[in-house]
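K.L.:
Please read through the structure below; I'll follow up with questions.
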Amino acid sequence: QAALPVTPGQTPIEKQVFTEQVVDQFAHARPEGEVDPKPIHSVPARLLDPAQCPTPHITSMEQYRTMYDQSLNDPDTFWGNMARDLLHWSRPFTQITNGTFEDGDVSWFADGELNASVNCLDRHAQRHPDRIAIIHEADEPGQARSYTYKELLLEVCRVANLLISFGLRKGNTVAIYMPMIPQAAIAMLACARIGCIHSVVFAGFSADSLAERILDANSAVVITADEGRRGGRVIPTKRIVDDALKKCPNVKRVLTFAHTGATGIPFNPTRDVWWHEVVSRQRPYCAPVPVNAEDPLFLLYTSGSTGKPKGVVHSTGGYLLGVAATVKYVFDAHDGDIFGCTADVGWITGHSYLVYGPLSLGITTVFFESVPTYPDASRYWKMVEDHKITQFYTAPTAIRALRRLGDDWVNQCDLSSLRVIGSVGEPINPEAWNWYNEVVGHGRCAVVDTYWQTETGANVITPLPGCTRTKPGSATFPFFGIEVAILDAHTGQELEGPDVTGVLALKRPWPAMARTIAGDHPRYLTTYMHPYRGYYFSGDGATRDADGYIWIRGRVDDVINVSGHRLSTSEIESALVLYPAVAEAAVVGAHDDVTGQSICAFVTLKPQAKVDDTIQLTRDLVLQVRKIIGPFASPKAIMIVDDLPKTRSGKIIRRILRKVVAGEADSLGDLSTVSEPAVVQTLVKMVNEKL
Ligand code: WT7
């Protein structure tokens, strides 16, 4: 079955961007240029030994195959059963899946009703009220605190009632800007309880970014904390909120949790209330508002090819099913498990694998407030030992950084509780994979390299602990209901069979997929559904090897991934050109051994700009990016250049910049489109001196 080719002229801009980049991304995604098909790791025997571990939900490739085939051949039965089995529906559904990518009208369980907070709290609080729902591993070691399902339910109800008293109703949006504390989950679930849509903004974003997201979502209430803590440093969270709100006159209420209890926190008595003063006055029961399966549960901003962040909208029913099913099967969750995901609640991994996934299954989730090296590099492993974590989920950047610091930090801790160790956010190099497997997992754990995106809601390509033979660096096989296609970037033709490389696309709707972009459905269609008609376009390149394993090769669009943080190059460029002396900016991702990619910016100055101290200027430019986006977006290198390589029509040729920073100036390829080739030579010389 041949894929629909992209009609010429249909989406010219996107197509141009992909094809130009796909080719050179692949060239340096893996230096060897090809994937190493060996070795294959079998499922550790320990996992299949009932004396040592609970029997995995899936124990053979045949079982995976059978279920996978059913998920594609008879999705109604497969997902219908799964949805009834894993979730509580206040009104049972009779429909399973409707709609198509092309029309952008996908729905799942369209006539069903449920409430996410009931699924995450009430049903577990009834069965085992005293089971721990959340462990808070505070920034300072030794100060962990737990919340039982019962306690969590009562607090969520109080906050939900407070939100009602603010005038919030089903369908309203609430912004949440909080450190890594359980109150973030409480705030999210309180919104879900009354049918409000939460919009969590990662607390590393600056006041400007926060304001932009509050305005875009039209949030009238913000939930925040006095201060955050990270690795012993204090973050002035409420001060940042106040700064942002200067631009957001529609925000009528700010609910602030006193986390550090510091004095002198700015407070506006007509707008602000303290959590400890108002929440405890509320009744600890709040009737859940049943919502339609397709009603949005949340929106979450993520970066795309253009500057403006996208508010990705997730449904209630399909999303919850996706996260519950993946925590069950990908992480092989069993009753009593302790799930340790180190992601921040402000990203999709935090939503899916800190909050909704583990809690919907009634297991324990760990909120980690600190950083992997505070107070020392054994912090993660000490946490695993202290809380007897059974599933540990982190990012390659952390694994690489900790690997560099040596094995002793790991070896001093007892990690025998671990069964599944996961990786997410960026491609994991085989060296880091092997270290994770051997030093952290002692060869006794399943390593799951889970590929997914904000837009996919839950893991889509991933090993399963009890059955998949893994290859370090490969995300292996599709999860249930996911049909993978690798397309020729130029023609859109599907590349069938083994040993093919192209762009990664998904062929049919799955329950947890994003439904739209807040306020901009056309952008949803042009970004994901229209580049290759009939497919969901992921933005990543991928290889299917001789054995059918999938290898993710990284982004093929203008998205870069720094320490698992997703940024758009044009977002950073926009921040740089706001600086008065800057004329133009071009940002590319450079390879970095620890963070995966790092941000490398080229700027030209306005002719009239008077700059005598370029070192000071580069410092100011870094500050500028931190102010406009946030500290995590800081460029690692800024190069002030006289000119940028451009086409005759004046378009910056980023391909050349990427090559230059990759040290591949000897293979720049065709330079005939460059309007002034001398510019390239000057650049190469300058970069060689600087990097
Ligand atoms: C992008 C999505 C989804 C959770 C965190 C990131 C990259 C994600 C993997 C993986 C290779 C990966 C992709 C993807 N990515 N997981 N296991 N192997 N690459 O979510 O911020 O939406 O970023 O992260 O490039 O498109 P996100």
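The values are calculated or read from the model by the stated rules, or taken from the named source; none is laboratory data. What you see is a predicted model; the values in this text were computed from it and never measured. Here Cβ is always computed from backbone atoms with ideal geometry, including for glycine, and neighbour counts include all displayed protein chains. Quick note on the areas: whole protein, heavy atoms, side chains included, nothing else; ligands and nucleic acids left out. Shrake-Rupley method; radii C 1.70, N 1.55, O 1.52, S 1.80 Å.
K.L.:
So, in the stretch 98-136, how many residues would count as being open to solvent by 50 Å² or more (accessible area, probe 1.4 Å) and touching a residue at least 12 places away in the same chain (Cβ under 8 Å)?
P.N.:
Final tally of qualifying residues: 9.
K.L.:
Okay, moving on. Return the only residue of ALA192, ALA217, ALA211, ALA187 being touching a Lys or Arg at 6+ places or on another chain (Cβ under 6 Å) and either open to solvent by less than 10 Å² (accessible area, probe 1.4 Å) or of a type in the set (A, V, I, L, M) (or both). So that I can check it myself, show each step before the final result.
P.N.:
Numbers: ALA192 fails: touching a Lys or Arg at 6+ places or on another chain (Cβ under 6 Å); ALA217 fails: touching a Lys or Arg at 6+ places or on another chain (Cβ under 6 Å); ALA187 fails: touching a Lys or Arg at 6+ places or on another chain (Cβ under 6 Å).
One residue alone meets the criteria, ALA211.
K.L.:
Filter the stretch 332-377 down to the residues that are polar (S, T, N, Q) and away from the ligand (no atom under 16 Å from the Cβ), then identify the one that is nearest to THR456 (Cα to Cα). If you could, list the steps in order and put the result at the bottom.
P.N.:
Going residue by residue through the stretch 332-377, those that are polar (S, T, N, Q) are 342, 349, 352, 360, 364-365, 370, 373.
From the residues that got through so far, the ones that are away from the ligand (no atom under 16 Å from the Cβ) too are 360, 364-365, 370, 373.
Details: SER360: 18, THR364: 24, THR365: 22, SER370: 27, THR373: 31 Å.
Selected residue: SER360.
K.L.:
Considering only the stretch 306-316, how many residues are out of contact with any strand residue (DSSP E or B) (no Cβ under 6 Å at 6 or more places or on another chain) and either assigned to a helix (DSSP H, G or I) or surrounded by 19 or more Cβ atoms within 10 Å (Cβ to Cβ) (or both)?
P.N.:
Summing the residues that are out of contact with any strand residue (DSSP E or B) (no Cβ under 6 Å at 6 or more places or on another chain) and either assigned to a helix (DSSP H, G or I) or surrounded by 19 or more Cβ atoms within 10 Å (Cβ to Cβ) (or both) in the stretch 306-316 gives 1.
K.L.:
Of all residues in the stretch 488-504, how many are within 13 Å of ARG544 (Cα to Cα) and in contact with a Gly (Cβ under 8 Å, 6 or more places away or on another chain)?
P.N.:
7
K.L.:
Are there helices (runs of 4 or more DSSP H) fully within the stretch 577-691 with at least 2 residues that are exposed (fewer than 13 other Cβ atoms within 10 Å of the Cβ)? List them.
P.N.:
Once the helices (runs of 4 or more DSSP H) in the stretch 577-691 are filtered for at least 2 residues that are exposed (fewer than 13 other Cβ atoms within 10 Å of the Cβ), what remains is 614-628, 677-690.
K.L.:
Which one is farthest from the chain's Cα centre (by Cα) among residues in the stretch 489-510 that are away from the ligand (no atom under 16 Å from the Cβ) and open to solvent by less than 40 Å² (accessible area, probe 1.4 Å)?
P.N.:
GLY497
K.L.:
Tally up the residues in the stretch 541-554 that are within 14 Å of the ligand (Cβ to nearest atom) and either over 18 Å from the mean Cα position of the chain (by Cα) or open to solvent by less than 10 Å² (accessible area, probe 1.4 Å) (or both), please.
P.N.:
6
K.L.:
Is it true that TYR319 is open to solvent by 30 Å² or more (accessible area, probe 1.4 Å), out of contact with any Lys or Arg (no Cβ under 7 Å at 6 or more places or on another chain) and outside any strand (DSSP E or B)?
P.N.:
no
K.L.:
Among ALA225, ALA244, ALA287, which is within 24 Å of LEU152 (Cα to Cα) and surrounded by 19 or more Cβ atoms within 10 Å (Cβ to Cβ)?
P.N.:
ALA225
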